[in-house]
Amino acid sequence: MGSWRVERLDQLPTALLATVMTKLDISSICSLAVTCRAFNSCASHILSFLPNFHILDISPSMELIKSLLPPNSHLQSLKLDCGQLNDSSIELLLRPSLQELCFHNCADFSGKLLSEIGSRCKDVRSLYLGSVAEKRGRAIHISDLEELLGGCTQLEELNLMFDLSLFLRHNFARVWALASKKLTSLEIGYISSVMVTELLSPNVGPHQYPNQIRPSILPAIQKLSLAVDYITDTMVGTISKGLALLTHLELRDAPLIEPRVTFDLTNSGLQQINQHGRLKHLSLVRSQEFLSTYFKRVNDLGILLMADKCANMESICLGGFCRVTDTGFKTILHSCSSLYKLKVCHGSQLTDLVFHDIAATSLSLTHVSFRWCNLLTNHAIKSLVRNTHLKVLDLRGCKNLGDEALAAIGSLCELKMLQLDNSDISDVGIAYLQHGIISSLVSLSVRGCKKLTDKCISVLFDGSSKLELQELDLSNLPNLSDNGVLALAKSRVPISELRMRQCPLIGDTSIMALASMQADDDRGHGSNLRLLDLYNCGGITQLSFRWLKKPYFPRLRWLGVTGSVNRDIVDALARNRPFLHVACHGEELGTDPWNNIDSSYMHDYEELDELEQWLQEGEWESDDEEMEDAEDDADVVV
């Protein structure tokens, strides 16, 4: 056997290098591409036969996409943020080989995107389209939807995350009759309840006798997720009766006006749920997005009637059921022995008594959320933590919870996400987490817990072993100052998302500390931060913007600031970092992945800036000069 040796990776055979690199995601490939000429050449080559191409963390331009998407007959999965793309990119993006398509932020596309997918991507099995034609002047016609549904005959999963209520009702059901018979999962961003009812109602065919009823248009649907104008008895009954294979049902409404009885959910509607006995996951939520309104025609009787048919439920989410009391909620806990996920939002009559005898049940809850259930106290949490395998605990808006609740929560050694917004906890209570769950937590939110001070940071992180914490929300803490952020920076915790909005004592010193912060792997300044929310922090001046330029915060993708600090500097920063989402109007940043903690969201965001560097090398200097000019102009004004 020969004594062949390789001293450097770039000395490996090209075929072997290509085989290894095809196992990586796009960001990792680009990380390798900037290290040496051999890797750069290999990366350029393998882009012509990669099966998966996923970039959702930035919005690439048309020119960038041209560089990264050469002709590739092997491409099967394409996922993009299309915020900078439009109809002109359709021919480049759509390939006959694609089986999975996921396009976010398609506001500048017209309905042509739908029709072209139907004609070019016949074998696509999973399709996600977000915000299509939401930009002014763009439109979607019913014929576009018809070509999509008629052309994609292999579709199994379809997510249309835009408003479908604009289509004419008399053509809508006819078009959906063309949908793939293999379609098992359907999600729609917005549709009227009347259209849903007409779509799923069995009716008489054109050449049938009145007693001959056609089967459901979507017979294979197992998962249905809809945002509608009103959740009504008629719609719920039609869904439950017409979709015999349904296992997942998620319905959400946000009424503009108080619904009348004929356009509302009542006890009768709840009784119709799960007529075929297959339902495992149920979510019924009334949002207060436009109007403070609730399911006022549902009470404990409706929950009792529903529970009779829901003994095998594994996940239940109820939002806005203000007339349901402890009796109704206890019925769920004692009837659904397989339940592992329970979410209740705006449960205004939910009290500690629900959990008094929870030990008598066989439940093993792992995901629990009681948002804005204001009657819950520390005693409820003490009973709840007997479910020792809890991984997600969302107690936002439970204002009566204090340090005793934290003492109980500290025993949950498997907890990954903890949200305590607007609770009555103090620095003393936070100390209970330091010796218990802090080593397992991935996400922690104490937004609006006004008793907390800088001490909570040092108490939480001082002396801790290697932590997994990636998301930390310290927003709206009036007593949090630069000293607390300095303590956080010194702790070297590898946080990727840090929110500190509405903190009046946070200033330029905090930004300098975070810019210089290094994680344990010493990968660079501010190395892990992908999201930083500083909106309306009282001490932020134009000095901070010098530290927000490259090379600091190399992985930063979302930044929240107050635009009034200096609009010219904010605009220059946005131009200096074209892949940075700069929000100036108080909007919440990024995504909320932990509502789906089971998902594959948590992956390594290894240096997407290498992608930026590879494609835009040499552009930094002029951008820096432009930003310095803006700062000089601001100095003159000051």
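Would you tally the residues in the stretch 59-83 being assigned to a helix (DSSP H, G or I) and of a type in the set (Gly, Ala, Ser)?
Here is the first cut: in the stretch 59-83, the ones assigned to a helix (DSSP H, G or I) are 62-68.
Cutting the leftovers down to of a type in the set (Gly, Ala, Ser) gives us 67.
Counting residues in the stretch 59-83 that are assigned to a helix (DSSP H, G or I) and of a type in the set (Gly, Ala, Ser) gives 1.
Suppose we filter the stretch 109-123 for residues that are in a loop (DSSP other than H, G, I, E, B) and either open to solvent by 30 Å² or more (accessible area, probe 1.4 Å) or among the polar types (S, T, N, Q) (or both); how many remain? First the steps, then the outcome.
Taking the stretch 109-123 as the starting set, the residues that turn out to be in a loop (DSSP other than H, G, I, E, B) are 109-111, 121-123.
Narrowing the set further to residues that are either open to solvent by 30 Å² or more (accessible area, probe 1.4 Å) or among the polar types (S, T, N, Q) (or both) leaves 110, 122-123.
Of the residues in that region, 3 qualify.
Out of 375, 401, which single residue is of a type in the set (A, V, I, L, M) and farther than 19 Å from residue 332 by Cα? Before the answer, list the steps.
Working: 375 fails: farther than 19 Å from residue 332 by Cα.
Checking each option against the conditions leaves just 401.
For residue 147, all conditions in the list (1) over 27 Å from the mean Cα position of the chain (by Cα); (2) surrounded by fewer than 18 Cβ atoms within 10 Å (Cβ to Cβ); (3) in contact (Cβ under 8 Å) with a residue 12 or more places away in the chain hold save one; what is the number of the exception?
Answer for residue 147: the failing condition is (2).
On the given criteria, is residue 442 surrounded by 23 or more Cβ atoms within 10 Å (Cβ to Cβ), at pLDDT 95 or above and of a type outside the set (D, E, K, R)? If you could, list the steps in order and put the result at the bottom.
Details: surrounded by 23 or more Cβ atoms within 10 Å (Cβ to Cβ): no; at pLDDT 95 or above: yes; of a type outside the set (D, E, K, R): yes.
No; evaluated as a whole, the condition is false for this residue.
Sort out which residues of the stretch 68-89 are closer than 14 Å to residue 103 by Cα, in contact with a Phe, Trp or Tyr (Cβ under 7 Å, 6 or more places away or on another chain) and open to solvent by 10 Å² or more (accessible area, probe 1.4 Å), and write them in order of number.
86, 87
Can you name the condition, by its number, that residue 476 falls short on among (1) at pLDDT below 95; (2) open to solvent by 50 Å² or more (accessible area, probe 1.4 Å); (3) within 25 Å of the chain's Cα centre (by Cα)?
Against the list (1) at pLDDT below 95; (2) open to solvent by 50 Å² or more (accessible area, probe 1.4 Å); (3) within 25 Å of the chain's Cα centre (by Cα), residue 476 comes up short only on (1).
Considering only residues of the stretch 220-233 that are touching a Gly at 6+ places or on another chain (Cβ under 8 Å) and open to solvent by 10 Å² or more (accessible area, probe 1.4 Å), which is farthest from residue 195 (Cα to Cα)?
233
Just the residues that are out of contact with any Ser or Thr (no Cβ under 9 Å at 6 or more places or on another chain) and either crowded, with 21+ Cβ neighbours inside 10 Å or not in a loop (DSSP other than H, G, I, E, B) (or both), please, taken from the stretch 150-170.
Initially, the stretch 150-170 is screened for residues out of contact with any Ser or Thr (no Cβ under 9 Å at 6 or more places or on another chain), giving 150, 160, 163, 166-168, 170.
150, 160, 163, 170, listed by residue number.
Identify, from the list 456, 413, the residue that is more than 17 Å from residue 474 (Cα to Cα) and either touching a helix residue (DSSP H, G or I) at 6+ places or on another chain (Cβ under 6 Å) or open to solvent by 40 Å² or more (accessible area, probe 1.4 Å) (or both).
On the way: 456 fails: more than 17 Å from residue 474 (Cα to Cα).
Going through 456, 413 in turn, the sole match is 413.
Within the stretch 231-269, how many residues turn out to be more than 14 Å from residue 285 (Cα to Cα) and among the basic types (Lys, Arg)?
Residues in the stretch 231-269 being more than 14 Å from residue 285 (Cα to Cα) and among the basic types (Lys, Arg): 2 in total.
Which count do you get for residues in the stretch 315-341 that are under 27 Å from the mean Cα position of the chain (by Cα) and either farther than 17 Å from residue 371 by Cα or open to solvent by 10 Å² or more (accessible area, probe 1.4 Å) (or both)? Spell out how you get there, then give the answer.
Of the stretch 315-341, the ones under 27 Å from the mean Cα position of the chain (by Cα) are 315-322, 338-341.
Checking which are either farther than 17 Å from residue 371 by Cα or open to solvent by 10 Å² or more (accessible area, probe 1.4 Å) (or both) leaves us with 315, 317, 322, 338-341.
The qualifying residues number 7.
The values are calculated or read from the model by the stated rules, or taken from the named source; none is laboratory data. Predicted, not measured: the structure shown is a model, and the values here were computed from it. We place every Cβ from the backbone using ideal geometry, glycine too, and count neighbours over all the protein chains shown. Accessible surface is based on the protein model in full, side chains and every heavy atom, while ligands, DNA and RNA are left aside. Shrake-Rupley method; radii C 1.70, N 1.55, O 1.52, S 1.80 Å.
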